[in-house]
Amino acid sequence: MRLTLGDHDVPGAGAALGEQAERYPGPTGAWQPVHTVYVPADRFDRETVRSWGAAALGLMESHLPGDAELSSVFGPLPGGLASDVRRRVARKLAAEPVEDLRIDFEDGYGVRPGAEEDAHAEAAAEAVAAMRSSGTLPRRWGIRVKSFADGDPARALRTLDGFLTGVVERVGSLPDGFTVTFPKVLMEAYLGQFAGRLPLLEEGLRLPPGTLRFEMQVEAPQTVMFLLRSPDLVPSLRGRLAAAHFGVFDYTAACGLPPAEQRLDHPVCDHAREVIRTALAGTGVELSDGSLAASPASDSTGDVHALWRAHAGMVRHSLRHGFYQGWDMHPSHLVSRYATVYAFHLAGRDAHAERVRAWEARRDAGGGVMDEPATIKTLSTALHRASLALGD
């Protein structure tokens, strides 16, 4: 082949490629929980996970006695999908009702005298140690501390320190899966300040460097704005930022929406999530959506079904927009969370697999589909995510 330029070396290309790999490592492919359950610290004990599972299973047995009822609430579901979903949800609630647990020392807990919060941090550490011993500690777990925006960062750090020290002293190490939630990040500087204390805790507790990671909550327009203007944010935190969780109610309140419009599927929230996704794309930082702040109005089947339909609609909205994790605030949410997640993944799994097989075999996938490589990559990712979520 004849060339015009001859030498096609590109000065600086290697350095740029290295920077790309550091800044945008992409998704890890690791398991991500489908939800985070928030329990106020003063209501948390070693039986919390068991009691949530039992309550959710009891609601399911009382108000979803068969496949027809499940299809009525969460469907219509094709073929034998309702039976499969119902069986999977019941099994999940009995074996692992909570995938990610957060003991809340912030909004759900409120402001307490210092000695009282100290005592609850100590009690939470004791309960976590007991759960670890009994095998009921979820795969992900941790605490949510108070915000630096409240003007008392020492309180947040004291609770984290006391809790971690209590767990390590009782267990002898820090059980796998720990993370800490850092809320109301109104100033970018708060992230660096918080992340800067974590190596000191690791050193004091003799934990391997990099053990302590945190998730930031995006709960204000100010946070959305600095995410957009700070391309160096994730690298500056040196691997400490594990996830970004969207806080629906603080965000919609900060935007001035009336109470009836403070909901996860409002266009204001859709915009915020897209900005979060854009700002953190390719960084490996996990994304999580928010919650539904509601529980069944009564124990009647009609009210329980109404709650499940409302929650399922919100979960489905998140899934369709590529947010595969959300918050659950009440045991009833476990039923609608798992039913909706399982139905979502099962409904598309076989068709996705067939399209990937057709691509690999270089044959027509049928139905006029013309897949591009990026679509095949997305389909493969969806299959992997489904496998992890379904436990198959």
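The charge dipole of the range 129-184, taken about the Cα centre with unit charges on the Cβ atoms of Lys, Arg (+1) and Asp, Glu (-1), comes to about 180 debye, rounded to the nearest 20. Annotation: amide H-H contacts under 5 Å for T36 (H modelled 1.01 Å from N, sequence separation of 5 or more, or interchain): G326, W327, D328.
For S291, the solvent-accessible surface computed with a 1.4 Å probe is close to 10 Å², ligands and nucleic acids excluded.
Put simply, the amide H of D104, placed in the peptide plane, has neighbours under 5 Å in V39, A41, R144, leaving out anything fewer than 5 places away on its chain. The heavy atoms of H305 offer some 20 square angstrom of accessible surface to a 1.4 angstrom probe.
Solvent-accessible area per residue in the chain equals 47 Å², computed with a 1.4 angstrom probe and all protein chains kept. Classify the chain as rounded, prolate or oblate from the Cα gyration tensor: take a ≥ b ≥ c as the square roots of its eigenvalues, call it rounded if a/c is under 1.5, otherwise prolate when a/b beats b/c and oblate if not. Verdict is oblate for the chain.
A simple charge model with +1 on the Cβ of Lys and Arg, -1 on the Cβ of Asp and Glu and nothing else charged puts the dipole of the chain at about 740 debye relative to its Cα centre. Rounded to the nearest Hz, the phi-derived 3J(HN,Hα) couplings of the range 124-140 under the Karplus curve 6.51 cos²θ - 1.76 cosθ + 1.60 (θ = phi - 60°) are 5, 4, 5, 5, 4, 4, 5, 5, 4, 5, 8, x, 9, 6, x, 4, 10, where x marks glycine and proline. Between L5 and E47, the C-beta separation translates, for a Förster distance of 56 Å, into a calculated FRET efficiency of about 0.20.
Surface composition of the chain: carbon and sulfur atoms hold 54% of the protein heavy-atom accessible area at a 1.4 Å probe. Counting only DSSP H runs of at least 4 residues, each contributing -39500 (n - 2.57), and dividing by the residue count of the chain, the helix-based mean residue ellipticity at 222 nm comes to -17500 deg cm²/dmol.
Close amide H contacts of D265 (hydrogens built in the peptide plane, cut-off under 5 Å, sequence separation of 5 or more or a different chain): none are found.
Each residue of the range 91-105 was assigned a 3J(HN,Hα) from its phi angle through the Karplus expression (A = 6.51, B = -1.76, C = 1.60, θ = phi - 60°), giving 5, 5, 5, 7, 9, 8, x, 10, 8, 9, 10, 10, 7, 9, 10 Hz with x at Gly and Pro. Sequence-ordered 3J(HN,Hα) estimates for the range 247-255 from the Karplus curve with 6.51, -1.76 and 1.60 and θ = phi - 60° stand at x, 4, 7, 5, 5, 5, 5, 5, 7 Hz, glycine and proline given as x. Averaging the Cα positions of each part gives two centres, and for the range 282-345 and the range 87-123 these lie 18 Å apart. Straight-distance candidates among the lysines for linking to K184, with alpha-carbon spacing under 23 Å and chain neighbours fewer than 8 residues away dropped: K146. Shape of the range 203-287 from the C-alpha gyration tensor: prolate (a/c of 1.5 or more and a/b above b/c, with a ≥ b ≥ c the square roots of its eigenvalues).
Classification of the range 26-161 by its C-alpha gyration tensor yields a prolate form. The axis ratio a/c (a ≥ b ≥ c) is 1.5 or more, and a/b outweighs b/c.
The values are calculated or read from the model by the stated rules, or taken from the named source; none is laboratory data. Because the structure is a prediction, the values reported are computed rather than measured. For neighbour counting, all protein chains shown are included, and Cβ atoms are generated from backbone atoms with ideal geometry for every residue, glycine included. Accessible surface areas use protein heavy atoms only, side chains included; no ligands, DNA or RNA. Shrake-Rupley method; radii C 1.70, N 1.55, O 1.52, S 1.80 Å.
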